[in-house]
1. Could you please give the count of residues in the range 272-299 that are in contact with a strand residue (DSSP E or B) (Cβ under 7 Å, 6 or more places away or on another chain), surrounded by 19 or more Cβ atoms within 10 Å (Cβ to Cβ) and in a helix (DSSP H, G or I)?
2. Which pairs have Cβ atoms under 6 Å, sit 6 or more apart or on different chains, and link a residue in the range 31-44 that is farther than 16 Å from residue 72 by Cα to one that is surrounded by 13 or more Cβ atoms within 10 Å (Cβ to Cβ) and modelled with pLDDT under 85?
3. Quick one: would you say residue 332 is more than 16 Å from residue 151 (Cβ to Cβ) and in contact with a helix residue (DSSP H, G or I) (Cβ under 9 Å, 6 or more places away or on another chain)?
4. Give 430, 411, 405 a once-over and let me know the one that is under 16 Å from residue 173 (Cα atoms), in a loop (DSSP other than H, G, I, E, B) and modelled with pLDDT of 65 or more.
5. Among the numbered conditions (1) farther than 20 Å from residue 123 by Cα; (2) buried (at least 16 other Cβ atoms within 10 Å of the Cβ), tell me where residue 368 comes up short.
6. Mind checking whether some residue in the range 111-120 is assigned by TED's automatic domain parsing to the domain that holds residue 177, under 25 Å from residue 381 (Cβ atoms) and modelled with pLDDT of 85 or more?
7. Hey, any hits in the range 241-255 for a residue that's surrounded by fewer than 24 Cβ atoms within 10 Å (Cβ to Cβ), out of contact with any strand residue (DSSP E or B) (no Cβ under 7 Å at 6 or more places or on another chain) and not in a helix (DSSP H, G or I)?
């Protein structure tokens, strides 16, 4: 039975069920119970994944598989169209959350390298992986190109869920983060192009389409992000809870406008969110927390749904092709793309080695594997199974070994200074700001007295939280790593106070004389 016929029968069955018995309040109660229990299990799984070093995506997918037709839940789900739609919506939220958390000062110095990896690196990876799939596995060229494009997108969430406990050099972390944010867009364009009916366009026509879509998406994202940030800074909303909603809505608007304008909506939403995330918006801590919560819900729902779509008893035939293609991808395609793209930027070889091994695949490849299924490409179900097995197996292999490799390459030893974590909440009626300052491990603010901060007039440290106890500091109070500071600053000196705090964090009490000014340039 063909994949298209199976999907047609599944949709007809669901439709007939809907006509026979509509959704009732009792059904809703059961659905809410199941969804809430899944969310609670997923939240608990984050704790487990943080201790084991495995990305939590594997646990979420496992929950979906257990709930599926071969698991204890025995839920029959085979709607690739619905999975693709929900997956796209989840990716929009995840990219928006990632963009809001991207610090421009960290990725600015590595933008050329990250862009090269996201464009030229993807092209190299697609070509090498497709050649391996064609000559080693025997896939026909269209299928080989599709699977090469599908698995060429890296996943920032998967990478940093493993490396979050290791203080990597800013160049490595920034390059990986920016690459994972940028490479989704060209990969989606390639997969859609390879999955369309009829022959693939000439390579120069395809490249032209990719460049045009990326340009439109970038223009829309930057414009919407700038206008949204300007509006939020100049329009006083009646409730602080409206700011997070507005920020997410603006980011989604960028995606929709970019996609409807025949551009890359994924690039648009990421850039719009990044612009707003670096624009010092009002009530930023609440906005960041709200977006992070939405991102977690999107990830959990997306992975559980992908687990439901998988039919475990069909995965046996996909194991060998997945292992071979994954080996080509991780040992040849990814390292070759990293070397070719980063050698011109004189990136040290230990950093190149780590970035070669850190090309974790996550949600994006599995979602993209539904595109040929929806398009009716021959053998698309087999391609989906291969991608699913590849992502699971190589995440299990790469995830736990990434921290070890970082330490072996001496990239996770914690040397150097760590930037302060500073959040700002506006005190609108008082015409001031409340700065929440976290002193991390490695900060040179450790051992500095409050009086030695030499904050500008109009700014003062009003509270210190240490070992879960808070107290009002004296001028002679010595700050320690792990402290949380509350700093009150008036509007005119807010920026100067933050610059001074960052300067002391980087250069210690003598920052002013050592040339450390706290500017967020992101230089190395």
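The values are calculated or read from the model by the stated rules, or taken from the named source; none is laboratory data. Predicted, not measured: the structure shown is a model, and the values here were computed from it. Virtual Cβ from ideal backbone geometry, glycine too; neighbours counted across all protein chains shown.
1. Adding up the residues that qualify gives 1.
2. 42/60
3. Considered against the rule, which asks whether it is more than 16 Å from residue 151 (Cβ to Cβ) and in contact with a helix residue (DSSP H, G or I) (Cβ under 9 Å, 6 or more places away or on another chain), residue 332 comes out as no.
4. Numbers: 430 fails: under 16 Å from residue 173 (Cα atoms); 405 fails: in a loop (DSSP other than H, G, I, E, B).
Selected residue: 411, the only one of 430, 411, 405 that is under 16 Å from residue 173 (Cα atoms), in a loop (DSSP other than H, G, I, E, B) and modelled with pLDDT of 65 or more.
5. Here residue 368 meets the rest and fails (1).
6. Checking the range 111-120: not a single residue is assigned by TED's automatic domain parsing to the domain that holds residue 177, under 25 Å from residue 381 (Cβ atoms) and modelled with pLDDT of 85 or more.
7. Filtering the range 241-255 down to residues surrounded by fewer than 24 Cβ atoms within 10 Å (Cβ to Cβ) leaves 241-246, 248-250, 252-253.
Right, trim to out of contact with any strand residue (DSSP E or B) (no Cβ under 7 Å at 6 or more places or on another chain) and you get 241-246, 248-250, 252-253.
The next check asks that each one be not in a helix (DSSP H, G or I); those that pass are 241.
Looking through the range 241-255, at least one residue is surrounded by fewer than 24 Cβ atoms within 10 Å (Cβ to Cβ), out of contact with any strand residue (DSSP E or B) (no Cβ under 7 Å at 6 or more places or on another chain) and not in a helix (DSSP H, G or I).
Yes or no, residue by residue, for (1) more than 29 Å from residue 233 (Cβ to Cβ); (2) in contact with a helix residue (DSSP H, G or I) (Cβ under 7 Å, 6 or more places away or on another chain); (3) assigned to a loop (DSSP other than H, G, I, E, B); (4) modelled with pLDDT under 90:
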{"residue": "442", "(1), (2), (3), (4)": "yes, no, yes, yes"}
{"residue": "446", "(1), (2), (3), (4)": "yes, no, yes, yes"}
{"residue": "460", "(1), (2), (3), (4)": "no, no, no, no"}
{"residue": "463", "(1), (2), (3), (4)": "no, no, no, no"}
{"residue": "482", "(1), (2), (3), (4)": "yes, no, yes, yes"}
{"residue": "494", "(1), (2), (3), (4)": "no, no, no, yes"}
{"residue": "498", "(1), (2), (3), (4)": "no, no, no, yes"}
{"residue": "505", "(1), (2), (3), (4)": "no, no, no, yes"}
{"residue": "510", "(1), (2), (3), (4)": "yes, no, no, yes"}
